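A short worksheet on the structure shown next.
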Amino acid sequence: MTGTDINLNRTDAVAIPARDVVQGDTVLGCTVALPGGRIDVIWHSDPYVANPTADKPGCQCPGHEALDDADRARPLVVLYDGELWDYACDAVPADDLVVIQKRTEQATDDTTDLPEMRPVGRTFVFEHDGTTVHVFPTPGNPDHWSARPRGHKTVVSHRTTHTDAARAAVAYLNGDDSQRTGFDKLTELLSL
């Protein structure tokens, strides 16, 4: 798919070829070529974190079944095959444009210091020292992320990436009270 007439209407998104999507990219939507060289965006109702793999020839999941013969004849990449879509693959022609959330600096996206996070719908879940932590888009502000360890009030919010929110939750669980939001601290003081 080629063409430059694409309007994302969002400053936090960018369209890139599917082959250039890397693990950890948040896939926000796909594109469709229209007559006249225009490209339209179909926004996913449930954005997901990509885990790109090579195509799975012979896969008969609903994602592969939805491909037409022209798409099957092109090189494909599987961007996701998790529980979000009942393990149906998001198989995309490698040259087609997909819309991802703009990447932040590599240091922010480096997750080597975090436990493995698994996507569950629009959230991420991980375990830290026996505590389950949920990381989710901040209610009312989908451009930011919050994290809440099970059994705690929301302890961190308004982070720019899910990894920043997860890292702040781990720091809080390790005793760094400065990671909590002002709202949570005020709520605790008012409840005394």
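All of the numbers you see were taken from the coordinates with simple rules; none came from a lab. Keep in mind it's a predicted model, so treat the numbers as computed, not measured. Here Cβ is always computed from backbone atoms with ideal geometry, including for glycine, and neighbour counts include all displayed protein chains.
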| task | Over the alpha-carbon set of the range 13-72, divide Rg by the Kirkwood Rh and report the Rg/Rh ratio to two decimals. | result | 0.97
| request: Provide the net charge surrounding Cys30, with neighbours chosen by a C-beta distance below 11 Å and charges set as Lys +1, Arg +1, Asp -1, Glu -1. | output: -3
| field | Order by protection proxy (mean Cβ within 10 Å, highest first), peptides 72-85, 162-175, 120-133 | value | 162-175, 72-85, 120-133
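Nearest 5 percent is fine: what portion of the DSSP beta bridges confined to the range 1-101 is antiparallel?
On the way: 20 of 21 bridges.
Antiparallel bridges make up about 95 percent of those DSSP assigns within the range 1-101.
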| query | Put a dot 7 Å past each Cα toward the Cβ at Arg150 and Trp85; how far apart are the dots in nm? | reply | 2.9
